[in-house]
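Asks: Here's a structure for you.
The values are calculated or read from the model by the stated rules, or taken from the named source; none is laboratory data. Since this is a predicted model, take the numbers as computed values, not measurements. All Cβ positions, glycine included, derive from the backbone under ideal geometry; neighbour counts span all protein chains shown.
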Amino acid sequence: MQNYDKAYELARLIKDSDEYKQYCAAKEKAFEQEMNRDLYKQYRALSMTVNAAIMAGQEIDEESKQKFQQLTGLLALSPDVNEFMLAEHRLNTMMGDIFKILTDAIDLELDFLQD
């Protein structure tokens with residue numbers, strides 16, 4: 001049970017971290033405008049589709065490329081969305097680092113994720 005207690009403690013520490021607090025504040029500010037929220041949702045969905053296709057070795061169709069570029073350009077016009085995306089990246093980096101620390105500690109081989 002001690003492992004679970006430590007996991008809950010880590011979760012509390014993450015929730016209290018500057019990265020998480022900045023992420024929440026930036027998200028709230030960026031998505032005050034419904035248009036920003038809708039554009040970002042479209043961007044994320046298309047981003048996942050494009051990334052999945054790339055990982056599968058598939059060619060990205062021209063329409064998807066253009067739509068992705070348009071959404072990226074529109075989102076770049078909003079300083080609030082840019083700040084949110086930077087905060088999201090910092091939080092994801094922290095979470096990735098924590099996951100790597102945990103997997104390295106138990107010598108869990110996830111090399112297949114690197115390819």
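Asks: Going by the structure shown, is Met95 in contact (Cβ under 8 Å) with a residue 60 or more places away in the chain, over 25 Å from Glu32 (Cα atoms) and within 18 Å of the chain's Cα centre (by Cα)?
Replies: When the stated conditions are applied, Met95 passes them.
Asks: Taking the stated definitions as given, is Asp5 closer than 30 Å to Thr103 by Cβ and over 17 Å from the mean Cα position of the chain (by Cα)?
Replies: yes
Asks: Can you go through Tyr40, Tyr8 and tell me which one is hydroxyl-bearing (Ser, Thr, Tyr), in contact with a Leu (Cβ under 7 Å, 6 or more places away or on another chain) and modelled with pLDDT of 95 or more?
Replies: After applying the criteria, what remains is Tyr40.
Asks: Turning to a different aspect of this structure: In the range 1-49, which residues are farther than 29 Å from Leu77 by Cβ, surrounded by 10 or more Cβ atoms within 10 Å (Cβ to Cβ) and among the aliphatic types (A, V, I, L, M)?
Replies: Passing the criteria: Ala7, Leu10, Ala11, Leu13, Ile14.
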